[in-house]
Amino acid sequence: MKRILFTASVVALSAALAGPALARDQIRIVGSSTVYPFTTAVAEQFGKTSGMKTPVVESTGTGGGMKLFCSGVGEATPDFTNASRAIKKSEYEDCVKNGVTDIVEIKVGFDGLTIANSKAGPDFSLTKKQVFQALAKEVPDASGKLVANPYKMWNEIDPSLPAEKIEVLGPPPTSGTRDSFVELVMEKGAEGFDSLKAMKKADAKAFEAVWKSIREDGAFVEAGENDNLIVQKLEANPEAVGIFGFSFLEENQNKIKGASIDGVAPTYEAIAGGKYKVSRPLFIYAKKQHVGVVPGMQEFVAEYVSDKALGEDGYLAAKGLIALPADEAKAVAAAAKDMKTLDAALIN
């Protein structure tokens, strides 16, 4: 029997028939490594309670997930993608070009970005400016001129910092965590220099190139999309520090500890209260064109946005997800259950 590939026309046809033509009976999800543990928990709960198969969840990174999600409509493409940032305009345009025209965006909570190291390592109290000095490809010298990053040790940046080699394990360019990190930390850190503030006013593109460029001399190590592997490497190497979402710090507090940023330690309370400024919203995106063809998509969304999952005392909070404010959570749940599609005009 020939394998049936479902396309937009098949979806339309199946809606008119007594039962949809099923090409796949299991939800497939890709995307962010940060959102991965939360979506995995929802998938497991869904599998236990719905009577349907547990969704397959893959950690591909936000950028990689968007590429797969936007590649088209059909059984070979994922139904959902996790994202540790909002969809980009260029990604949305790729989706539309490939026939993915009905996209549902669901904000599921917040996450703090953390800089952490082994419990056996030194304590770190950093400013965004110091992090920029440690990781930027070019930094201003005493005269304000940009030079290749000369810093090899943390205490060369500031004597109060540990006398340890700068070795930072972080996400690759395909990661939403990387996108968020450079925007929330590197850009703000760069603004701490008068010369770079002046550059921002005079030439915004040149300024952007400075804060987005990470050094390539070995001080920053692209450690892949597997945040659990970064945790293992930090445990084995007390001299290194790593960059990842708060949930991985929360789940591994017996092994690693978080650095304070601008005087605030990364805790659930500090992130939820807005005191810890290195935080970002997390999302899942659903392909509405697969609803009614791949079974369980609406039920999976309902499980995800339920109070038992996303509430302040929900099972995702226990995994480190920072809950949405109650009013926003209700609005998100209502829109998600209606599978309200994304307004292209609102995408940056």
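Observations on the model:
- For beta carbons closer than 6 Å, sequence separation of 6+ or different chains, a first residue in region 323-348 that is within 11 Å of Gly311 (Cα to Cα) and a second that is modelled with pLDDT of 90 or more and surrounded by fewer than 11 Cβ atoms within 10 Å (Cβ to Cβ), there are no qualifying pairs.
Here is a yes/no grid of residues against (1) out of contact with any helix residue (DSSP H, G or I) (no Cβ under 9 Å at 6 or more places or on another chain); (2) at pLDDT 95 or above; (3) under 23 Å from Gly176 (Cα atoms):
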| site | (1), (2), (3) |
| --- | --- |
| Gly245 | no, no, yes |
| Lys287 | no, yes, yes |
| Val293 | no, no, no |
| Gly314 | no, no, no |
| Ala344 | no, no, yes |
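- Residues (among the acidic types (Asp, Glu) and touching a strand residue (DSSP E or B) at 6+ places or on another chain (Cβ under 9 Å)) located in region 257-313: Asp262
- Helices (runs of 4 or more DSSP H) contained in region 1-73 and holding at least 3 residues surrounded by fewer than 17 Cβ atoms within 10 Å (Cβ to Cβ) and modelled with pLDDT of 50 or more: 36-49
- Subset of region 74-86 that is modelled with pLDDT of 95 or more and in a loop (DSSP other than H, G, I, E, B) - its residue that is surrounded by the fewest Cβ atoms within 10 Å (Cβ to Cβ): Thr77
- For region 272-298, a tally of residues being more than 19 Å from the chain's Cα centre (by Cα) and over 27 Å from Phe46 (Cβ atoms) returns 2.
- Only a single item in (1) in contact (Cβ under 8 Å) with a residue 40 or more places away in the chain; (2) surrounded by fewer than 19 Cβ atoms within 10 Å (Cβ to Cβ); (3) part of a helix (DSSP H, G or I); (4) within 22 Å of the chain's Cα centre (by Cα) is not met by Glu269, and it is number (1).
- Conditions (1) part of a helix (DSSP H, G or I); (2) over 30 Å from Val96 (Cα atoms); number of the one not met by Glu299: (2)
- Restricting region 302-312 to residues that are assigned to a loop (DSSP other than H, G, I, E, B) and at pLDDT 95 or above leaves a set whose member that is nearest to Lys67 (Cα to Cα) is Val305.
- The helices (runs of 4 or more DSSP H) located wholly in region 102-220 that include 3 or more residues which are over 30 Å from Gly292 (Cα atoms) and more than 18 Å from the chain's Cα centre (by Cα) occupy 128-135, 154-157, 187-190, 194-202, 204-212.
- Long-range neighbours under 8 Å by Cβ, at least six apart or interchain, first residue of a type in the set (Val, Ile, Thr) within region 184-201, second in a loop (DSSP other than H, G, I, E, B): Val185/Val278
- Filter result for the condition that a residue is in the same structural domain as Ala43 (by TED's automatic domain parsing), within 30 Å of Met52 (Cα to Cα) and assigned to a strand (DSSP E or B), over Tyr315, Tyr285: Tyr285
- For region 328-340, a residue qualifies if it is charged (D, E, K, R), part of a helix (DSSP H, G or I) and more than 16 Å from Gly314 (Cα to Cα), and exactly one does: Lys337.
The values are calculated or read from the model by the stated rules, or taken from the named source; none is laboratory data. What you are looking at is a predicted structure, and each value in this text was computed from that prediction instead of being measured. For neighbour counting, all protein chains shown are included, and Cβ atoms are generated from backbone atoms with ideal geometry for every residue, glycine included.
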